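S.K.: Below you will find the structure I want to go over with you.
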Amino acid sequence: MAIARRFRISHHEVFPHGAYIVSPVTAVLDFEQSTREVKVQQTDKETGELIWSMDVLDADPEAPKKSKTVSIKFLAKVQPVPPANDGSSPFTPVEFDGLTALAYIDDNGNRPRIAWSFRADTMHAPGKAAKTVSSGEGRAA
């Protein structure tokens, strides 16, 4: 099959009505290596980079309740910085560059369903150009 498991997709294909930040960027914990006393951040198996995550609200009015909040992951040596809120709304709009998607079966619940895992290289405010990121700072997780 010619389609890779994880494939590139544009921000506007995933979020045609926009996306809004609803959580801070946080470290993804490695539950196998972490203990109660010592928390260990998960790293990418291929690159060794740290994995970070942020939740966004999908503004699609027809999105199902389970799909309204979406997690986006990043690979970066340091914590990625989201765009600043311009003060016009309590929600901060965001766009993602280098977005990739991976379908998987979510069997938590009454019936299994297809769900999506998203990763992005960088993020920026809508209408603003993405900042150039040096090697290793801001690749997809």
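S.K.: Only one of (1) in a helix (DSSP H, G or I); (2) of a type outside the set (Asp, Glu); (3) in contact with a helix residue (DSSP H, G or I) (Cβ under 8 Å, 6 or more places away or on another chain) fails for residue 96. Which number is that?
M.R.: The failed condition is (1).
S.K.: In segment 77-92, is there at least one residue being part of a strand (DSSP E or B) and either in contact with a helix residue (DSSP H, G or I) (Cβ under 9 Å, 6 or more places away or on another chain) or closer than 22 Å to residue 6 by Cα (or both)? Reasoning before the result, please.
M.R.: From segment 77-92, those part of a strand (DSSP E or B) are 92; that's our starting set.
Filter again for either in contact with a helix residue (DSSP H, G or I) (Cβ under 9 Å, 6 or more places away or on another chain) or closer than 22 Å to residue 6 by Cα (or both), leaving none.
No, there is no match, as no residue in segment 77-92 is part of a strand (DSSP E or B) and either in contact with a helix residue (DSSP H, G or I) (Cβ under 9 Å, 6 or more places away or on another chain) or closer than 22 Å to residue 6 by Cα (or both).
S.K.: Hey, any hits in segment 48-60 for a residue that's surrounded by fewer than 13 Cβ atoms within 10 Å (Cβ to Cβ) and on the phi < 0 side of the Ramachandran plot?
M.R.: No, because not a single residue in segment 48-60 is surrounded by fewer than 13 Cβ atoms within 10 Å (Cβ to Cβ) and on the phi < 0 side of the Ramachandran plot.
S.K.: Right, here's the next one. Looking at segment 18-46, which of its residues are of a type outside the set (A, V, I, L, M) and either surrounded by 13 or more Cβ atoms within 10 Å (Cβ to Cβ) or within 17 Å of the chain's Cα centre (by Cα) (or both)?
M.R.: Matches in segment 18-46: 18, 20, 23, 24, 26, 30, 34, 41, 42, 43, 44.
S.K.: Taking the options 73, 128, name whichever one is of a type in the set (Lys, Arg), in contact (Cβ under 8 Å) with a residue 40 or more places away in the chain, in a loop (DSSP other than H, G, I, E, B) and closer than 21 Å to residue 16 by Cα.
M.R.: Testing whether each residue is of a type in the set (Lys, Arg), in contact (Cβ under 8 Å) with a residue 40 or more places away in the chain, in a loop (DSSP other than H, G, I, E, B) and closer than 21 Å to residue 16 by Cα leaves just 128.
S.K.: Continuing with this model, one more query. Answer yes if at least one residue in segment 28-37 is of a type outside the set (Lys, Arg) and closer than 20 Å to residue 98 by Cα, and no otherwise.
M.R.: yes
S.K.: Condition first: more than 11 Å from the chain's Cα centre (by Cα), closer than 23 Å to residue 9 by Cβ and loosely packed, with under 11 Cβ neighbours inside 10 Å. Can you find one or more residues in segment 72-79 that meet it?
M.R.: So far as segment 72-79 goes, no, none of its residues is more than 11 Å from the chain's Cα centre (by Cα), closer than 23 Å to residue 9 by Cβ and loosely packed, with under 11 Cβ neighbours inside 10 Å.
S.K.: Looking only at segment 52-69, how many residues end up being over 24 Å from residue 80 (Cβ atoms) and either aromatic (Phe, Trp, Tyr) or touching a Cys at 6+ places or on another chain (Cβ under 8 Å) (or both)?
M.R.: Adding up the residues that qualify gives 0.
S.K.: Failed condition for residue 104, given (1) surrounded by 12 or more Cβ atoms within 10 Å (Cβ to Cβ); (2) under 17 Å from the mean Cα position of the chain (by Cα); (3) not hydrophobic (A, V, I, L, M, F, W, C), with all others met?
M.R.: Unmet for residue 104, out of (1) surrounded by 12 or more Cβ atoms within 10 Å (Cβ to Cβ); (2) under 17 Å from the mean Cα position of the chain (by Cα); (3) not hydrophobic (A, V, I, L, M, F, W, C): (1).
S.K.: Confirm whether residue 28 is in contact with an Asp or Glu (Cβ under 7 Å, 6 or more places away or on another chain) and either of a type outside the set (D, E, K, R) or free of Cβ contacts under 8 Å to residues at least 24 places away in the same chain (or both).
M.R.: no
Rule-based calculations on the coordinates, nothing more; no lab input. This is a predicted model, so every value here is computed, not measured. Glycine also receives a Cβ, built like all others from the backbone with ideal geometry; neighbour counts cover every protein chain displayed.
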